[in-house]
1. Here is a check on your reading of the model: is Ser152 modelled with pLDDT under 75 and part of a helix (DSSP H, G or I)?
2. State which residue is farthest from Val41 (Cα to Cα) when the search covers only the range 101-118 and only residues that are surrounded by 13 or more Cβ atoms within 10 Å (Cβ to Cβ) and at pLDDT 80 or above.
3. Which condition does Gly40 not pass, out of (1) more than 23 Å from Ile133 (Cα to Cα); (2) part of a helix (DSSP H, G or I), if it passes all the others?
4. Go through the residues of the range 64-81 one by one and say whether even a single one is under 15 Å from Gly14 (Cα atoms), crowded, with 17+ Cβ neighbours inside 10 Å, without any contact (Cβ under 8 Å) to a residue 24 or more places away in the chain and touching a Phe, Trp or Tyr at 6+ places or on another chain (Cβ under 8 Å).
5. Pull out all pairs, ordered by first then second residue, where Cβ-Cβ is under 6 Å, the residues are six or more apart or on different chains, the first lies in the range 34-63 and is more than 22 Å from Lys136 (Cα to Cα) and polar (S, T, N, Q), and the second is modelled with pLDDT of 90 or more and in a helix (DSSP H, G or I).
Amino acid sequence: MRAKSILKYGALWGAFEITLGFLLHLLNSSLASAILIPIGVLFMWAAYKSTNKWWSIPLVSVIAAVSRIVIYTVVNGFTCCSEGIFPTLAIVMEGLAFIYPIIFLEKEKKKGSFLFVFRPILLFYVAILLYMIVFKSFAAVVKWGDINTLLSEYDIKKELIALFLDTLISSALIGIAIVLQEIFLLIMYHKSD
């Protein structure tokens, strides 16, 4: 059951990333990562809840990354480039960055308070911020080749503003998704009574 859950959530996440990610980038949306990160968190959280094992979080991200890169490569005539590799790497990094926030979220949820969502959301904000800084720095250095070119050609102020806004939006969407899921579960629980 564990393996099937991880495969299912990983494949679904990879499919969401390639389709929704493509559409968001096609629209030239600067908010693509702000929307895609919460979707990934929901798939990682679902995998963790179905297995109750911490390693399911990075494993589901690896499966999502593999399915995303396979779909990307097939669609693009078995060729790959940075447009295929960077998002795939981002998925794996998300799986590593969100291990603790997802586990913490489940622990807070089990305490039974309706306000359980606020501390995990703050933790998600910090985790997303650190993840985005590391990933965007890596991508920028790869793109420009060296740190001096990066610093001279990169609009750091604009990128920092976008980084904080993306992180804030992602955290808010995660919080909204968690609360909506809890409301849905409460409604379903009361219907079964």
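The values are calculated or read from the model by the stated rules, or taken from the named source; none is laboratory data. Keep in mind it's a predicted model, so treat the numbers as computed, not measured. Here Cβ is always computed from backbone atoms with ideal geometry, including for glycine, and neighbour counts include all displayed protein chains.
1. Yes.
2. Looking at the filtered set, the residue picked out is Glu108.
3. (1) is the only condition that Gly40 fails.
4. No: the range 64-81 contains no residue that is under 15 Å from Gly14 (Cα atoms), crowded, with 17+ Cβ neighbours inside 10 Å, without any contact (Cβ under 8 Å) to a residue 24 or more places away in the chain and touching a Phe, Trp or Tyr at 6+ places or on another chain (Cβ under 8 Å).
5. Ser56/Ile6; Ser56/Ala47; Ser56/Tyr48
To keep it simple, each residue is scored yes or no on (1) more than 20 Å from Ser33 (Cβ to Cβ); (2) free of Cβ contacts under 8 Å to residues at least 40 places away in the same chain; (3) of a type in the set (Asp, Glu); (4) out of contact with any strand residue (DSSP E or B) (no Cβ under 7 Å at 6 or more places or on another chain).
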| position | (1), (2), (3), (4) |
| --- | --- |
| Glu94 | no, no, yes, yes |
| Ile103 | yes, no, no, yes |
| Glu106 | yes, no, yes, yes |
| Lys111 | yes, yes, no, yes |
| Val117 | yes, no, no, yes |
| Tyr125 | no, no, no, yes |
| Ile128 | no, no, no, yes |
| Ile133 | no, yes, no, yes |
| Lys136 | no, yes, no, yes |
